[in-house]
Amino acid sequence: MKGTQILRGLGGHEYRFETDRTALLHQGKFSVGYRGKDQEGLPVFIKRLKGDFPPREAEMPARHPALVALRDLVRQQNEVYLIYPFVEGLTLRQFLRAGAGGLGRREEELLAVFRDICQGLEAMHQAGWYHGDLKPQNILLLFCDGKIGGARVIDFGKASPFYRASEPAGDFPLVYAAPEMILGAYTLVDARSDVYSLGLLLYETIGGQRPYHHEHPELLIQMMLNLPLPPDPVLAPELNGLLQRSTAKPVFGIPPVQMQEDEKIAVLQEAIGRRPESAGAFLDTLLALKGNLRRKMKWWELLFR
């Protein structure tokens, strides 16, 4: 039944949204989301959690224009509502599924997207937090005059500080999770775990294809643990090199379940140490790569041979 729900947040802020299904913007496993308005009539995104538990992201200190971070938290009738600024756009997953392909030959748009993603994540990394759930569904593309003008990072439900070394909330993101997350080595999870996911995102955003795919989850996880990112034969070797370093994986001589814990940790640490240290370092390398190659060749030869 259609109705209007009113939420009252911190500092007397008030939020309204319609409760019928046509007002739903998101319906996930652990939450539902609605478009609403604040007391000034400005649009907000309201996410109702399925369960009364304090979201970890409420503690996150990082703020940056590229992070669609929590604005308010409301507890009402044993339910938790998260209030975010409303941002109009398409997720990267929606864009790729629409048949538009990747952004490999669209220099301005590709760089605008990854500049925003990396700068937003760098703000988190500087604050000592990692996102932990980077995937195309959590990247929102902004459009201006029919072109992609930038991006926003959303959904910080699995974000956590490095120093806590605790298990991320919920399951790790299939395909995009770093090996240390898959193996539950949470003391090793830090900014470089996000960098791993960034490498996979760049790979998919350029070419439009997922780096790993298998219908059986257990076999997919084995691919994520053991299969290096396959070099794309049409990409410049320098870019393939960046992607390989960013997604560096451990080389296990025997299955990890048969290894002593300290041996497994040592192998993971060696792989993590080969990645760029943060999203800012990843972006710096990408821009430097672009600049070096541009001096040698034209743009359409930059990423592609």
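Each value in this text was obtained by applying a stated rule to the coordinates, not by laboratory testing. If you're wondering where the values come from, they're calculated on a predicted model, not measured in any experiment. Note that each Cβ is placed from the backbone with ideal geometry, even for glycine, and that neighbours are counted across all protein chains shown.
Some observations on this one:
- Helix 191-207 axis versus longest C-alpha principal axis of the chain: approximately 80°, rounded to the nearest ten.
- For the chain, the longest principal axis of the alpha carbon atoms and the long axis of helix 107-126 meet at an angle near 70°.
- Checking the cross-link pairs Lys50/Lys158; Lys29/Lys135; Lys37/Lys147; Lys47/Lys158; Lys249/Lys290 against a 19 Å limit on the alpha carbon distance flags Lys37/Lys147; Lys249/Lys290 as lying beyond it.
- Computed magnitude of the charge dipole of the chain (debye, nearest 20; Cβ of K, R +1, Cβ of D, E -1): 740 debye
- Diffusion coefficient (Stokes-Einstein, Kirkwood radius over C-alpha pairs, 4 °C, 1.567 mPa s) for segment 150-258: 86 µm²/s, rounded to a whole number.
- Karplus-derived 3J(HN,Hα) values for segment 5-10, using 6.51 cos²θ - 1.76 cosθ + 1.60 with θ = phi - 60°, are 10, 10, 10, 10, x, 5 Hz; glycine and proline are entered as x.
- Degrees, to the nearest 10: 217-226 long Cα axis against longest axis of the chain: 50 degrees
- For segment 4-85, a Kirkwood radius taken over Cα pairs fed into Stokes-Einstein (25 °C, viscosity 0.890 mPa s) yields D = 188 µm²/s.
- Extreme residue, positive dipole direction of segment 90-301, given options Val189, Pro173, Tyr203 (C-beta unit charges): Tyr203
- Remark: relative contact order (segment 4-85) = 25 percent; criterion is Cα-Cα distance under 8 angstrom and separation of 6 or more residues.
- Summarising the overall dimensions of segment 15-54 from its C-alpha atoms, the Rg and Dmax are 10.6, 31 angstrom.
- For segment 141-156, 3J(HN,Hα) per residue [Karplus equation, 6.51 cos²θ - 1.76 cosθ + 1.60, θ = phi - 60°, Hz, x = Gly/Pro]: 8, 9, 10, 8, 6, x, 10, 6, x, x, 8, 10, 9, 10, 6, 10
- Against the empirical curve 2.2 N^0.38 Å, the C-alpha radius of gyration of segment 29-170 lands at a ratio of 1.09.
- Residue ranges 220-227, 279-286 sort as 279-286, 220-227 when ordered by packing (mean number of other C-beta atoms within 10 Å per residue, highest first).
- Note that segment 90-301 carries a Kirkwood radius of 17.6 Å, evaluated over its alpha carbons pair by pair.
- Applying 0.36 nm per residue to the separation of Ala266 and Glu108 and subtracting their alpha-carbon distance, the gain on full extension is 52.9 nm.
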